[in-house]
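Structure, as structure tokens:
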Amino acid sequence: MASQAGAEAPSLPRYLRLAKNLRGVYAHAPGERHEPHLRWLLRRLHYRDAGAAPPAPRGLEPLYYPQWLTHAAEEAAEEMRSNGVPLQLAHSILLSLAYGVPLLLTPGAYKLLEETGLVAHVIKGPSSLDARSARLHMRIAGYSVLDFLEPAAEEAAAHLAAYKPLAELTEKRKKTAQEDAKRYWRIAGQGEAPRIAYLEHLHAAPGTAPRLTGPTERILLAIPVAYILHEHA
């Protein structure tokens with residue numbers, strides 16, 4: 001993925017429209033045959049209900065950082081890349097926080113994040129959900145993101161500003177994710193497929209994270225939540 005530096009940032013009205021209407025940020029692994037998952041998603045969510053980091057697949061809204069986040073997000077994404085996270089996935093994670101929506105991950109993208117140690121907690125369930133249940137759990141993932149957004153960002157900013165160890169914050173956030181996982185009682189334990197994942201990305205950007213404590217940048221310190229797309233019939 002090309003850097004977003006220099007890309008035209010969305011105007012405030014456009015940013016607010018996108019943040020209001022987006023259902024999630026779609027992401028796949030480099031080289032993954034992801035089109036069946038994308039077709040399934042577009043049939044369920046309709047045009048422009050989902051976005052992606054550029055270059056966005058056809059049918060998805062290309063997402064850019066608002067101007068007040070661009071520099072901080074670029075720096076964080078580059079450090080995550082240097083620690084083994086593919087750049088487009090790094091941007092996808094940060095964009096999901098910038099727009100306050102969940103990630104919509106293909107199985108390949110989830111596997112990559114798991115391999116790079118970014119999965120803090122996972123809920124396993126059925127390998128396929130009907131359309132109604134899938135939409136419900138994508139919506140619930142959206143509630144998780146929004147409910148975490150302010151408290152998680154504020155807590156992380158205070159923790160880092162006090163120069164406390166990042167590992168302490170990571171452990172606390174894992175416990176928060178485990179508590180929040182109760183929302184997904186309808187599918188939890190009903191199968192072995194990863195369905196909902198809580199991510200911890202700060203340890204992949206330990207040098208940048210302490211510089212994200214400003215009133216706008218701290219949104220990038222919140223807890224990313226992902227819905228994993230297994231349905232593609």
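The values are calculated or read from the model by the stated rules, or taken from the named source; none is laboratory data. What you see is a predicted model; the values in this text were computed from it and never measured. Backbone-built Cβ (ideal geometry, glycine too); neighbour counts: all protein chains shown.
Data overview
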read-out: Tally of residues being within 18 Å of His91 (Cβ to Cβ), among the charged types (D, E, K, R) and in a loop (DSSP other than H, G, I, E, B) across the stretch 27-63; value: 1
read-out: Exclusive hit being in a helix (DSSP H, G or I) and either over 27 Å from Leu69 (Cβ atoms) or of a type in the set (A, V, I, L, M, F, W, C) (or both), set Leu104, Leu94, Leu129; value: Leu94
read-out: Tabulated pairs, the stretch 209-233, first closer than 27 Å to Gly108 by Cβ and free of Cβ contacts under 8 Å to residues at least 12 places away in the same chain, second crowded, with 22+ Cβ neighbours inside 10 Å and aromatic (Phe, Trp, Tyr), C-beta under 6 angstrom, 6+ apart or interchain; value: none
read-out: Some residue of the stretch 150-167 being crowded, with 22+ Cβ neighbours inside 10 Å and under 16 Å from the mean Cα position of the chain (by Cα); value: yes
read-out: Filter result (outside any loop (DSSP other than H, G, I, E, B), within 21 Å of Gly117 (Cβ to Cβ) and within 14 Å of the chain's Cα centre (by Cα)) within the stretch 205-233; value: Leu220, Leu221, Val225, Ala226, Tyr227, Ile228
read-out: Odd one out for Gly84 among (1) modelled with pLDDT under 95; (2) within 23 Å of Tyr198 (Cβ to Cβ); value: (1)
read-out: Residue in the stretch 46-57 that is surrounded by the fewest Cβ atoms within 10 Å (Cβ to Cβ), counting only those that are more than 16 Å from the chain's Cα centre (by Cα) and under 25 Å from Glu8 (Cβ atoms); value: Tyr47
read-out: Residues located in the stretch 181-198, provided they are outside any loop (DSSP other than H, G, I, E, B), of a type outside the set (Gly, Ala, Ser) and over 16 Å from the mean Cα position of the chain (by Cα); value: Lys182, Arg183, Tyr184
read-out: Condition met for Ser82 (of a type in the set (S, T, N, Q) and crowded, with 17+ Cβ neighbours inside 10 Å); value: no
read-out: Residues of the stretch 179-221 satisfying the condition of being of a type in the set (Phe, Trp, Tyr) and out of contact with any helix residue (DSSP H, G or I) (no Cβ under 8 Å at 6 or more places or on another chain); value: Trp185
read-out: Long-range neighbours under 7 Å by Cβ, at least six apart or interchain, first residue under 18 Å from Gly214 (Cβ atoms) within the stretch 52-78, second surrounded by fewer than 21 Cβ atoms within 10 Å (Cβ to Cβ) and β-branched (Val, Ile, Thr); value: Trp68/Thr216; Leu69/Thr216; Glu75/Thr208; Ala76/Thr208
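A quick yes/no check of all residues on (1) modelled with pLDDT of 95 or more; (2) surrounded by 17 or more Cβ atoms within 10 Å (Cβ to Cβ); (3) within 13 Å of Ile196 (Cβ to Cβ):
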{"site": "Leu60", "(1), (2), (3)": "no, yes, no"}
{"site": "Leu89", "(1), (2), (3)": "yes, yes, no"}
{"site": "Leu95", "(1), (2), (3)": "yes, yes, no"}
{"site": "Leu129", "(1), (2), (3)": "no, yes, yes"}
{"site": "Arg132", "(1), (2), (3)": "no, no, no"}
{"site": "Ser144", "(1), (2), (3)": "yes, yes, yes"}
